[in-house]
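I'd like to ask you about the structure that follows.
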Amino acid sequence: MTDKLKNLKQEFKNYLIEKYPNVNKNTINTYIGDAFYAYRHELELGIHFFDLFKSIDAISRFKNNLREQQVNKLVKHPKNSSSAYICGLKRLYAFFNEKYNGVENFINLELQ
């Protein structure tokens with residue numbers, strides 16, 4: 001894992017702790033894992049992770065792709081697991097918008 005990704009995860013964790021002060025550490029860690037599920041499975045899902053955050057519609061369109069992948073992996077409750085991952089992506093989307101005013105600004109910061 002790159003340092004940039006580690007830093008992103010830590011910033012996101014800090015954001016979640018601040019945003020959800022009454023949520024326990026294990027749940028925060030689950031939120032982080034859910035948000036980065038698509039990153040860990042980019043090749044399998046046929047996506048570029050950061051493209052998902054260009055709009056909330058991109059995340060919504062991705063939901064069917066994700067659910068199909070969960071069905072193909074024989075996940076016991078594919079609708080529930082894909083919904084959890086989509087919620088994680090939406091939290092990360094909100095983070096990019098609140099902290100960086102969008103994913104594009106985050107990406108451009110990385111390139112400097």
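The values are calculated or read from the model by the stated rules, or taken from the named source; none is laboratory data. From a predicted model like this one, the values you see are computed outputs, not experimental measurements. Here Cβ is always computed from backbone atoms with ideal geometry, including for glycine, and neighbour counts include all displayed protein chains. For the accessible areas, the whole protein counts, side chains as well, though only heavy atoms, and no ligand, DNA or RNA atoms are used. Shrake-Rupley method; radii C 1.70, N 1.55, O 1.52, S 1.80 Å.
Going through the cross-link list Lys19/Lys63; Lys9/Lys63; Lys19/Lys73; Lys6/Lys90; Lys76/Lys99; Lys4/Lys79, which pairs have a Cα-Cα distance over 29 Å in this structure? Let's see the in-between values first.
Numbers: Lys19/Lys63 24 Å; Lys9/Lys63 22 Å; Lys19/Lys73 33 Å; Lys6/Lys90 19 Å; Lys76/Lys99 36 Å; Lys4/Lys79 31 Å.
Listed pairs above 29 Å: Lys19/Lys73; Lys76/Lys99; Lys4/Lys79.
With +1 on each Lys and Arg Cβ and -1 on each Asp and Glu Cβ, how big is the dipole of the chain about its Cα centre, in debye rounded to the nearest 20? Let's see the in-between values first.
Details: 17 positive and 12 negative charges, 93 e Å.
Here the size comes out at about 440 debye.
What do you get for the angle between helix 56-72 and the principal long axis of the chain? Use alpha-carbon atoms, 0 to 90 degrees, nearest ten.
40 degrees
Here's something else I'd like to know. What length, rounded to one decimal in nm, is gained on full extension from Asn72 through to Asp51, with 0.36 nm per residue of separation minus their alpha-carbon distance?
On the way: separation 21, 0.36 × 21 = 7.56 nm, distance 2.31 nm.
Between Asn72 and Asp51, full extension yields an extra 5.2 nm.
Still on this structure, I have one more. With each run of n ≥ 4 DSSP H residues scored as -39500 (n - 2.57), what mean residue ellipticity at 222 nm is computed for the chain after dividing by its residue count and rounding to the nearest 500 deg cm²/dmol? Provide the component values of the computation, followed by the final result.
Numbers: 7 runs with 85 residues, N = 112.
Value at 222 nm, helices only, nearest 500: -23500 deg cm²/dmol.
Tell me, what is the per residue accessible area of the stretch 5-112 in Å², probe radius 1.4 Å?
On the way: 6500 Å² over 108 residues.
Heavy-atom SASA per residue in the stretch 5-112 reads 60 Å².
What number results when the radius of gyration of the stretch 34-109, computed over Cα atoms, is divided by 2.2 N^0.38 Å? Numbers along the way, then the final one.
Values: Rg = 12.4 Å, N = 76, 2.2 N^0.38 = 11.4 Å.
Dividing the Cα radius of gyration by 2.2 N^0.38 Å gives 1.09.
Quick one: length gained pulling His41 to Asn24 fully straight, 0.36 nm per residue minus the C-alpha distance?
3.5 nm
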